[in-house]
Each structure stands twice: as structure tokens, then as C-alpha cells.
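Down below is the structure, laid out as C-alpha cells.
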Amino acid sequence: MTQFSRSPWQQLTPRTWVAVAEPDSVNIGLVAGDEGCLLIDCGSTPEQGRQLREAVAEVTDRPLVGVIVTHAHRDHWFGLAAFDDLRSWGHEGLAEARTDGAVLADAEALGVAPGDLRAPNQPLSLVVGIDLGNQWVEALHVGPGHSPHDVIVVVGAEQVVFAGDVVEGTPDSQGRPAPEYGPDSEAEPWSLAVDAVVTAMTTPDWRAVPGHGPVLDKEDVSWQRGLHAVVHGETHRLGREGIGPDEAAEAGHWPWDYDRVRPWVERVLPTLSRGRQLPIKPV
Ligand SMILES: [Zn+2]
């Protein structure tokens with residue numbers, strides 16, 4: 001039986017908070033302005049969404065005006081039906097994602113009816129700005145990366161980026177903040193998506209709230225950006241050398257536990273052409 005719960009809100013800056021929702025240890029964000037407040041992600045079920053909605057009053061008396069969904073994964077998105085009467089933002093692709101086979105399988109596993117999956121009612125293709133009253137919030141589509149629909153949320157006055165799963169903080173076995181590649185992740189665009197997070201963090205004082213795990217600083221995020229490029233380069237090197245998925249764990253130099261990148265490597269490696277050389281022919 002899946003256990004649902006939520007940690008107390010942790011205050012990050014004067015007007016931002018984070019809570020961790022189970023079963024997937026997802027970071028839920030909250031940002032307040034003078035006139036209203038906004039949730040970033042909404043939990044794994046409509047019931048958990050309702051509980052998160054009620055919990056807002058624990059830390060702010062500003063009315064909740066809406067929710068931003070960072071991407072189409074269950075722990076960030078499936079609670080959205082609890083916010084039907086409010087505005088909700090997220091990438092326009094979430095409408096179509098409701099019929100995706102993997103999404104429907106996740107919904108069934110969590111006991112969420114397909115009819116309770118919601119597309120955001122304020123779909124965005126690139127960027128939207130939201131005025132909460134002396135608190136300007138921007139949501140930007142930076143995917144594909146971790147997933148096709150990745151959106152990050154920039155709160156300039158608080159120097160905080162809510163990065164969804166574009167940045168991940170859960171440590172691997174060596175204690176390194178490490179992402180989790182899924183079937184819809186792509187290594188090279190992912191490093192470019194993290195670039196957008198680094199760019200938004202205009203000084204070292206900024207912090208990034210990852211989708212999972214502890215809050216990270218700009219240096220952490222910059223490292224993660226570079227290491228995605230390593231995963232991409234390493235996978236292509238193995239492809240050129242004709243090394244298959246069975247040998248990739250041992251033959252590759254991976255920046256994180258191999259299990260974190262395995263789904264991508266095993267999907268992409270068989271598609272890479274062997275022996276591609278620089279276009280220089282001996283005479
Ligand atoms: Zn995700």
C-alpha cells in the first residue's frame with residue numbers, strides 16, 4: 001500500500017518555502033507575494049493536492065492563486081485536479097501527455113483515474129510571468145532534458161529557482177547530487193536545460209530547489225550541467241568503439257552511479273554507429 005505524507009514547510013527565504021511529499025520525496029515549492037501565493041508542483045494524487053492546498057495556510061495568509069506544474073511526471077503533476085478552480089500553468093504538451101501509456105500506468109498504480117488527470121488551464125509554450133504583488137515569478141520551458149515538458153520557475157527577488165527535475169539533489173552511493181535518467185530523458189539537451197538554470201542564478205547567492213533532495217547552490221548546479229555533457233560524450237565514445245549495453249557499466253567512466261544513467265545509455269547505445277572517425281583520410 002502506497003504511503004502518502006508530507007514534511008512540514010521549510011522556509012528557504014523570507015517568502016519561499018519547500019515541503020517534501022511522499023511517496024516519491026518530491027520537493028513542493030511555495031512562493032508568496034503581497035497579494036497571493038503560488039504552489040510549484042502539486043503532489044501525486046488529487047487527495048494529496050488537496051492536502052497541500054490546505055497546508056499553504058500554515059505559513060502564509062496570502063490566498064493561493066494557482067499552481068505551476070514543472071513536468072508530466074506523477075509526483076509533480078497528478079494532484080492538479082485539486083486546483084480546478086484556480087489558474088494552473090505548465091507546458092502545453094501536458095494535455096497530450098494525459099494519454100501517454102507510461103503516464104496511464106503510473107496513474108493506475110497510484111489509484112488515480114485517467115479522468116482525474118488534468119492539463120494546466122494556462123498552457124505555456126515558452127515563458128509566462130506571474131505577478132503575486134511585489135513578487136514577480138517567471139515560468140520558462142527549458143526542455144527537453146529530464147523530460148520533454150521541463151519548466152523551471154524563477155523568483156528573482158528571492159534569488160531562488162525551482163528547477164523541477166531539471167536539477168536533482170538526491171545523493172548517489174558516493175554522496176554526489178545525482179539526476180535520475182528516465183525513459184523520456186535526453187543527455188545532451190538536458191545539459192542545455194541546466195544551462196538555463198545556471199543562467200537564471202545570476203550570482204552565487206542564488207539557490208536552486210531540485211525536484212528531489214537538498215537545496216543546491218550555483219556551483220552544484222554548474223557541476224551537474226557539465227556532468228550531463230560527460231554522460232553524453234561517454235555514451236557516444238562507447239558507441240564509436242562498438243561497446244554494447246551489456247558492457248557499458250564497466251567500460252564507461254560515469255560521473256554518477258551507473259544505475260542513475262542506465263535507462264538512457266541502454267536506449268541510445270544500440271542506435272549509435274560504430275567506428276565513426278574524424279573525416280581525415282590517410283593519403
Ligand atoms: Zn521527473
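All other residues whose Cβ lies under 11 angstrom from that of A251 are scored, Lys and Arg at +1 and Asp and Glu at -1, for a net of -4. DSSP beta bridges confined to the chain are antiparallel in about 70 percent of cases. Volume per residue of the convex hull around the Cα atoms, evaluated for region 1-114, comes out as 94 Å³. Think of the chain as a dipole: +1 on every Lys or Arg Cβ, -1 on every Asp or Glu Cβ, centred on the Cα centre; then among P123, T202, Q159, T202 lies furthest on the positive end. Summing +1 for each Lys or Arg and -1 for each Asp or Glu among the other residues whose beta-carbon sits under 11 angstrom from that of D172 gives -2. Sequence-ordered 3J(HN,Hα) estimates for region 201-211 from the Karplus curve with 6.51, -1.76 and 1.60 and θ = phi - 60° stand at 7, 6, 9, x, 6, 5, 10, 10, 8, x, x Hz, glycine and proline given as x.
Residues within the reach of a label modelled at T170 (point 7 angstrom out along Cα to beta-carbon, backbone nitrogen below 19 Å), restricted to region 3-32, are 3-8, 18-29. Applying the Kirkwood pairwise sum to the alpha-carbon positions of region 5-271 produces a hydrodynamic radius of 18.6 angstrom. Among F4, F83, sorting on how many other beta-carbon atoms sit within 10 Å of each Cβ, with the fewest leading, yields F4, F83.
For the chain, what is the charge dipole size about the Cα centre, in debye to the nearest 20, if Lys and Arg each add +1 at the Cβ and Asp and Glu each add -1 at the Cβ?
Here the chain has a charge dipole of around 600 debye.
For region 169-276, the spherically averaged projection of the C-alpha convex hull amounts to 6.8 nm². For R6, nonlocal amide neighbours, meaning residues 5 or more places apart or on other chains whose placed amide H falls under 5 Å from its own, are E22. Counting neighbouring beta carbons within 10 Å and listing from fewest to most, the residues C42, C37 come out as C37, C42.
Just so you know, all these numbers are worked out from the coordinates, no wet-lab data involved. Small disclaimer: the values here were computed from a predicted structure and weren't measured. Every residue, glycine among them, receives a Cβ derived from its backbone with ideal geometry; neighbour counts consider all protein chains shown.
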